[in-house]
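Peer 1: Pasting in a structure now, in C-alpha cells, and then I'll have a few things to ask.
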Amino acid sequence: MAQDREPGLARLLRAVSTVRVPDAVRAAFEAEPGEPAPGQLWRTRWDETVELVVLLAVSDENVLAAPILLDDRCADEDTIILPPAQNSLTTTIAMWAGLARQLPMCILDRQLGVADIGVADSGWIERLVEAGATRGRRAAGPLDPTNEVQARLTDALDYLASAVWAPSGSGELGRLLAEASLGPPRLIELLDVSPPTALALRRGQAAVTPDQAAKLALALRLPDRVILEANPAPSRRLVQRMSRPRRRAQVNRLAARRGVEERSAWLAATYSVNAMAARQTGTQEPAWDERIDQYFQVTLES
Amino acid sequence: MTTGFADVAGGERTEDTALRAHLFFDGLTMAERRLLPFLAEPQRWSVLLDVGPSVARVAGQSLIEKVRLATVDDADRDEMVMELVRLCVRADGS
C-alpha cells in the first residue's frame, strides 16, 4: 500500500492537516490569558511538565484543579467523563476529580476553554451525571493500565504543586555587603553586572543568582548557601500579582526578547518592579498592578 | 546413592525452569529488567526507573503481579525467580 511507504512525518502532517480546532478553543488559546475562574480549562506548564486541568476553585495564590485527559479509556471510578456538549472543546473529557488538588497560580499557562460543571454548588458531580456525564471504572488489578495513567497524573501534579519561582530569603544581603565594604564599583568588577544592578544589590533590592553567590562567597568568606538565603524576598502581594497567568505571558515575552530563561525574566521583572515601588511609594503597599503595567510597557514596547 | 533416573529428571527440570525464565525474560521491557532484581526494595524503584514515586510504585506492583502469575502453582518458583534475577543482572551489566 502507498500509505505504508509514506514517511512517518508526512503521515503525521497529513493527519494533523485534517484536524479542525474549534473556533472557541482557538480564540481562548490565542487570547491574552484572563483571570482564572472555576470551570475553566487550562494548560499548566512547569519546566518539562505539561498537564491539562479544570479549575474547581480559585484563591489569590492557588487554584484547586483536577487533571483532565482527552482519552477516557483508562478513567478510574472517581473520574467524571464529560460529553462534548458539556465543554467548549466539543470533545469527550475525562476529569480526574479524585486527583484534584491545590496548585500554585504560577503554573497556569494558557486557557483552553470552559466546562459546564457548576462547581459552585454542592452535589455538582451528581448533577453532572444526571446531565449526561458518566463515571470511569475501578481498576481490575495491578496490571490494569488505569493504574499507570493515574500514577503518571499523580506524579505530574506533585511536581506542579511544588512549583516556586520567587525566592524566600531573609533580606540580609545588603547588610552582608555593607559589612564587607563591598560597594557598587567592587560588585561591578566582581560579578560583571551593570551599575544599576550593583546598586540594587547593595541596597538589598535585588537578589544574587547561584553563580553570583559563588563569586561572592570568596569575598564574604561565607558559604554560597548563606548568601543565597540572605537574598531579599519580594513583597508577597507583588509575587501574587506576578504569578497571574497574564503576567506570566508578559514574562515569557520578556524572556524571549532578552534571550533568557523564563525564571530569570520572572525574577528580573519582579525585582525591578519591587525596586521602582520602593523608591516611589515609601512604606505604603504600592499599587502593584499599575507598577507592573508600567514596567512591561517600558520593557516590552520600547 | 544417586540413581541415573533421578539425575535425568532433576536435570530436565532445571533445563525447563531455565527455558521458562528465558521466555519470561524475553517478554520484559528494559525498565522491567532493570527493576526485577530490586522488587524487594520499593524505596529504590523511583531512582532505578528515573520516574516519579507513583509511577514507580505502579510499575513495581505490576511487575510483581506478572512474576506471580508466571510462577503461580510452580514447584520451581524460587529457582525460576533466581534465574530471572540472574538474567536481568547479566543484561544490565552487559
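Peer 1: Need the failing condition index for A:ALA37 against (1) modelled with pLDDT of 95 or more; (2) under 14 Å from the mean Cα position of the chain (by Cα); (3) surrounded by fewer than 18 Cβ atoms within 10 Å (Cβ to Cβ); (4) not hydroxyl-bearing (Ser, Thr, Tyr), just the number.
Peer 2: Checking A:ALA37 against (1) modelled with pLDDT of 95 or more; (2) under 14 Å from the mean Cα position of the chain (by Cα); (3) surrounded by fewer than 18 Cβ atoms within 10 Å (Cβ to Cβ); (4) not hydroxyl-bearing (Ser, Thr, Tyr), the one that fails is (2).
Residue-wise test of (1) buried (at least 18 other Cβ atoms within 10 Å of the Cβ); (2) more than 20 Å from A:ALA163 (Cβ to Cβ).
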| residue | (1), (2) |
| --- | --- |
| A:GLU179 | no, yes |
| A:LEU187 | yes, yes |
| A:LEU201 | yes, yes |
| A:ASP211 | no, yes |
| A:LEU216 | yes, yes |
| A:LEU228 | yes, no |
| A:ARG237 | no, no |
| A:ARG258 | no, yes |
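Peer 1: Would you pick out the residues in the range A:152-177 that are hydrophobic (A, V, I, L, M, F, W, C), buried (at least 18 other Cβ atoms within 10 Å of the Cβ) and either farther than 26 Å from A:GLN205 by Cα or touching a His at 6+ places or on another chain (Cβ under 8 Å) (or both)?
Peer 2: Correct list: A:LEU153, A:ALA156, A:LEU157, A:LEU160.
One line per residue, one yes/no per condition, for (1) assigned to a helix (DSSP H, G or I); (2) aliphatic (A, V, I, L, M):
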position	(1), (2)
A:ARG20	no, no
A:ALA24	yes, yes
A:ALA37	no, yes
A:TRP42	no, no
A:ARG45	no, no
A:LEU55	no, yes
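Peer 1: I'm told B:SER62 meets every condition in (1) more than 14 Å from chain A (Cβ to nearest Cβ); (2) in a helix (DSSP H, G or I); (3) free of Cβ contacts under 8 Å to residues at least 12 places away in the same chain except one. Can you identify the failing condition by its number?
Peer 2: (1)
Peer 1: If only one of A:ALA15, A:ALA10, A:ALA75 is surrounded by 13 or more Cβ atoms within 10 Å (Cβ to Cβ) and either assigned to a helix (DSSP H, G or I) or aliphatic (A, V, I, L, M) (or both), which one is it?
Peer 2: From the options A:ALA15, A:ALA10, A:ALA75, the qualifying one is A:ALA75.
Peer 1: If you check A:ARG225 against the conditions, is it of a type in the set (D, E, K, R) and more than 30 Å from B:PRO53 (Cβ to Cβ)?
Peer 2: So A:ARG225 does not fit the description; no.
Peer 1: Scan the range A:107-126 for residues that are out of contact with any strand residue (DSSP E or B) (no Cβ under 8 Å at 6 or more places or on another chain) and either of a type in the set (Gly, Ala, Ser) or assigned to a helix (DSSP H, G or I) (or both) and jot them down.
Peer 2: A:GLY118, A:ALA120, A:SER122, A:GLY123, A:TRP124, A:GLU126
Peer 1: For the structure I just gave you, tell me whether B:ARG90 is in a helix (DSSP H, G or I), within 14 Å of chain A (Cβ to nearest Cβ), over 28 Å from A:TYR159 (Cβ atoms) and more than 9 Å from the chain's Cα centre (by Cα).
Peer 2: Answer is no for this residue.
Peer 1: Looking at (1) buried (at least 18 other Cβ atoms within 10 Å of the Cβ); (2) within 14 Å of another protein chain (Cβ to nearest Cβ); (3) over 16 Å from A:THR154 (Cβ atoms); (4) not polar (S, T, N, Q), can you tell me which one B:TRP45 breaks?
Peer 2: With respect to (1) buried (at least 18 other Cβ atoms within 10 Å of the Cβ); (2) within 14 Å of another protein chain (Cβ to nearest Cβ); (3) over 16 Å from A:THR154 (Cβ atoms); (4) not polar (S, T, N, Q), B:TRP45 is out only on (3).
Peer 1: If you don't mind, there's one more thing I want to ask. Which condition number in (1) within 16 Å of A:LEU143 (Cα to Cα); (2) within 14 Å of another protein chain (Cβ to nearest Cβ); (3) of a type outside the set (D, E, K, R) is the one that B:PRO53 fails?
Peer 2: Checking B:PRO53 against (1) within 16 Å of A:LEU143 (Cα to Cα); (2) within 14 Å of another protein chain (Cβ to nearest Cβ); (3) of a type outside the set (D, E, K, R), the one that fails is (1).
Peer 1: Within the bounds of the range A:143-151, is there any residue that is under 19 Å from A:MET95 (Cβ atoms), in contact with a helix residue (DSSP H, G or I) (Cβ under 7 Å, 6 or more places away or on another chain) and either in a loop (DSSP other than H, G, I, E, B) or more than 9 Å from chain B (Cβ to nearest Cβ) (or both)?
Peer 2: Looking through the range A:143-151, none of the residues is under 19 Å from A:MET95 (Cβ atoms), in contact with a helix residue (DSSP H, G or I) (Cβ under 7 Å, 6 or more places away or on another chain) and either in a loop (DSSP other than H, G, I, E, B) or more than 9 Å from chain B (Cβ to nearest Cβ) (or both).
Peer 1: On to the next question. Quick check: anything in the range B:74-84 surrounded by fewer than 16 Cβ atoms within 10 Å (Cβ to Cβ), within 14 Å of chain A (Cβ to nearest Cβ) and not small (Gly, Ala, Ser)?
Peer 2: No, there is no match, as no residue in the range B:74-84 is surrounded by fewer than 16 Cβ atoms within 10 Å (Cβ to Cβ), within 14 Å of chain A (Cβ to nearest Cβ) and not small (Gly, Ala, Ser).
Peer 1: Kindly establish whether B:ALA31 is surrounded by 14 or more Cβ atoms within 10 Å (Cβ to Cβ) and either modelled with pLDDT of 90 or more or of a type in the set (Gly, Ala, Ser) (or both).
Peer 2: Here the answer is yes, as B:ALA31 does meet what is asked.
The values are calculated or read from the model by the stated rules, or taken from the named source; none is laboratory data. Only a predicted model underlies this, so the values are computations on that prediction, with no experimental measurement involved. Note that each Cβ is placed from the backbone with ideal geometry, even for glycine, and that neighbours are counted across all protein chains shown.
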